[in-house]
Structures are given as structure tokens and as C-alpha cells.
1. Consider Arg73 against the criteria (1) surrounded by 12 or more Cβ atoms within 10 Å (Cβ to Cβ); (2) assigned by TED's automatic domain parsing to the domain that holds Ser208; (3) closer than 23 Å to Glu182 by Cα: it satisfies all of them except one. Which criterion is unmet?
2. In contact with an Asp or Glu (Cβ under 7 Å, 6 or more places away or on another chain) and either part of a loop (DSSP other than H, G, I, E, B) or more than 16 Å from Lys145 (Cα to Cα) (or both), is that true of Gly52?
3. With respect to Thr135, determine if the residue is surrounded by fewer than 16 Cβ atoms within 10 Å (Cβ to Cβ), touching a helix residue (DSSP H, G or I) at 6+ places or on another chain (Cβ under 9 Å) and outside any loop (DSSP other than H, G, I, E, B).
4. Of Leu129, Leu152, Leu118, which residue is assigned to a helix (DSSP H, G or I) and within 26 Å of Ala92 (Cα to Cα)?
5. If you go through the stretch 139-166, how many residues are among the charged types (D, E, K, R) and in contact (Cβ under 8 Å) with a residue 60 or more places away in the chain?
Amino acid sequence: MTVPMRRRRGLTAQAADAAVDQACRQLRLPSVRGLFPDMVITAEKEQLTYQGFLAELLLAECDDRTRRRSIRRVKAAGFPREKWLGDFDFDANPNINPATIHTLASGAWVRAGQPLCLIGDSGTGKSHLLIALGTAAAESGFRVKYTLATKLVNELVEAADEKILAKTIARYGRVDLICIDELGYMELDKRGAELLFQVLTEREEKNSVAIASNESFSKAHLFARTCA
């Protein structure tokens, strides 16, 4: 069935603006709706073709939707604070190679499902880099979840006690990258370590995990195998 197109001839400029506004609301095009008045002026000044004018509007809508999706992904990750790679002081941390970090920011390792281990003493910027790289991954389109190691273990223990462990592990399995901060700062009991290990092995070679840990913990079997 072909639905005939409604045509509006002889609309005044005011009526046309009102029609565009209404159509944008109906089609859920907030960026087009907001930019339309200014874009009309720009199009007239730059003598854009009809196709060029339409392309500019639609591309602006696409760009804005991409930006809003990025903001939602970063928010959903649950980072405790904003951290950016541009704010990291590489001069204060000469053992960290800027080129390596910027390569990691591309997200290729997340796409490949590879792990990342950030190991060092307190105050060396591990959490900053973990959050910044996680943010970069979320902005690139990956689903990211940040958590403290102790919080994750407590959640797993509670889930096991409530017989919903499989459901909880599956929920973490749906994200592309888990950022686990402060692993090793507090000693885990055998049960907690086993539950954490279960989450990590479930993601092995499928989805990425990034871990920030103090150096002393790097010798632990769980940590060493996770980052192998």
C-alpha cells in the first residue's frame, strides 16, 4: 500500500517553521529542531543547495546522537570521578610510556578481548589511567563497567548466597570491558578470590578486563594468570 505524501504549497515562512518544528517533535529530531533556524540563515548566506542543506541538518543530528550515546555510556560505566588522559602528568611518572597509553586509548585491545594490567605503588596514577582508559573505551562505543575489587567481591558473595550468582556473572559478561580498581589493596579470603576468579575466567579471550593493582599483589597466582 502506497501512502500519498502530503504536500504543503504556499506556506509562509512562519508556517513552514511551525511545520518543521512539529515534524521534528514527531520524528524525534531534537538537534534538527534546534539548529533549523540558524541553519536556514547559514544556508542562505552560503547559498547551499537543497541537498547540501538537508545533509548538514541530518549530519548534525547524527553527530549529536553519537555524542549523547557517548555520554550515556560513560555515565553507565559508574566511574567515581572524571579522569582524562589529557590531564595525566607523564612527567611525574617517567616509567609510564605516553605512546603506549595513547595506543591503548584507541581501544584495539578491548575490541580484541584482551586484558590490561596496571601495576604500581600507591600514587603512581593507576586509578587515573584506569578511569581515563575506561572513559576512552566508553566514548569509542564500548560498554564499560567500573568497580572496586572489594565491591565486586562483596556483590558476588551476596549473589552466591542468594542463589543468583550465574545471573550476576552473566550481567558482567554483557559488558565489553570491566575496570577493576584497587585489586590487592585488601586481602581476599578463599571464597572471595574464587568468585572473582570465576568472573575473570568467564571473560577470558572473549571480553576485556582492566585491573589496577599494587605491585606486591602482582605475584599472586590469580592476578598473574588473569593478565597472562
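1. Among (1) surrounded by 12 or more Cβ atoms within 10 Å (Cβ to Cβ); (2) assigned by TED's automatic domain parsing to the domain that holds Ser208; (3) closer than 23 Å to Glu182 by Cα, Arg73 violates only (2).
2. When the stated conditions are applied, Gly52 does not pass them.
3. When the stated conditions are applied, Thr135 does not pass them.
4. Going through Leu129, Leu152, Leu118 in turn, the sole match is Leu129.
5. So the count comes out to 3.
The values are calculated or read from the model by the stated rules, or taken from the named source; none is laboratory data. All of these numbers come straight from a predicted model, not from anything done at the bench. In this analysis, Cβ positions are derived from the backbone assuming ideal geometry, glycine residues included, and neighbour counts consider all displayed protein chains.
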